[in-house]
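Sharing a structure here in structure tokens format.
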Amino acid sequence: MTPVYEVKTTHTQKVLEDFIKFTYRIKYPRVTMHLLILSACFAAFAYFTRGGVGMYIFIVLAVLLACFTLNRHRISFRKLAKVDKNYQNQSEIHLVFGESEFHIENIDLDQNERIKYAEISFVYVDDNNYYISINNEDLQLLPKSDFVLGDPTQFYDFLSDKTGQPIRPLYIPWKVRIQMMMEYRDVRAEQVKKRQEEKKKNKR
């Protein structure tokens with residue numbers, strides 16, 4: 001296999017933190033907002049029950065919930081760090097991407113796999129990393145700074161071409177979101193207009 005792109009990476013603290021952020025972003029996108037709203041509700045209940053025992057109970061609940069919400073990424077990191085052998089051993093993970101497949105090698109965990117691009121379930125990207133899911137089971141996080149062969153900015157088009165699917169941005173700026181909403185609105189308006197014109201033609 002002739003290498004086109006090559007990545008040598010390790011599970012650093014930053015990698016684990018980015019993995020946790022990705023997981024929350026994809027699986028639980030609104031949990032933080034819901035927890036903060038619930039904490040605010042407890043604070044409101046404390047205000048309305050001021051002067052009684054209930055006020056102290058709701059204050060404690062509001063503070064505990066807010067603290068958990070703001071620190072849940074740190075809690076998740078500590079749990080993950082305890083079970084991630086790659087992080088504990090600082091194992092080097094070597095990924096080589098060719099024209100028809102890619103190769104993952106991890107000597108410490110005795111991992112040596114050849115994977116077809118058709119086995120990639122989805123790919124996300126942000127400013128720092130590529131997130132590649134293999135068969136909806138294994139997630140490979142590729143920091144752009146760890147590319148040792150090939151331009152990481154061009155890897156976007158390469159991977160999209162090999163997988164036959166679009167690479168999804170993990171974070172969409174508000175400016176882009178508004179633009180997408182406006183484009184969607186224009187498309188919907190055009191569709192409604194065409195339907196109305198077709199109805200008029202049918203009546204004739």
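The values are calculated or read from the model by the stated rules, or taken from the named source; none is laboratory data. What you see is a predicted model, and the numbers here were worked out from it, not measured in a lab. Cβ sites come from the backbone with ideal geometry, for glycine too, and all protein chains shown count toward neighbours.
Per-residue answers, yes or no, for (1) of a type in the set (S, T, N, Q); (2) out of contact with any Asp or Glu (no Cβ under 7 Å at 6 or more places or on another chain); (3) under 27 Å from Gly150 (Cα atoms):
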residue: Val7; (1), (2), (3): no, no, yes
residue: Val53; (1), (2), (3): no, yes, no
residue: Leu80; (1), (2), (3): no, yes, no
residue: Lys85; (1), (2), (3): no, yes, no
residue: Gln88; (1), (2), (3): yes, yes, no
residue: Glu92; (1), (2), (3): no, yes, yes
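Which one of the conditions (1) crowded, with 17+ Cβ neighbours inside 10 Å; (2) hydrophobic (A, V, I, L, M, F, W, C); (3) closer than 15 Å to Leu141 by Cα; (4) not assigned by TED's automatic domain parsing to the domain that holds Asn129 does Phe42 fail to meet, given that it meets all the rest?
(3)
Follow-up. Every residue in segment 22-60 that is aliphatic (A, V, I, L, M), touching a Ser or Thr at 6+ places or on another chain (Cβ under 8 Å) and free of Cβ contacts under 8 Å to residues at least 24 places away in the same chain, please.
Met55
For every residue, the table says whether it meets (1) under 30 Å from Met1 (Cα atoms); (2) among the basic types (Lys, Arg).
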residue	(1), (2)
Arg30	no, yes
Phe77	no, no
Leu80	no, no
Leu95	yes, no
Asn112	yes, no
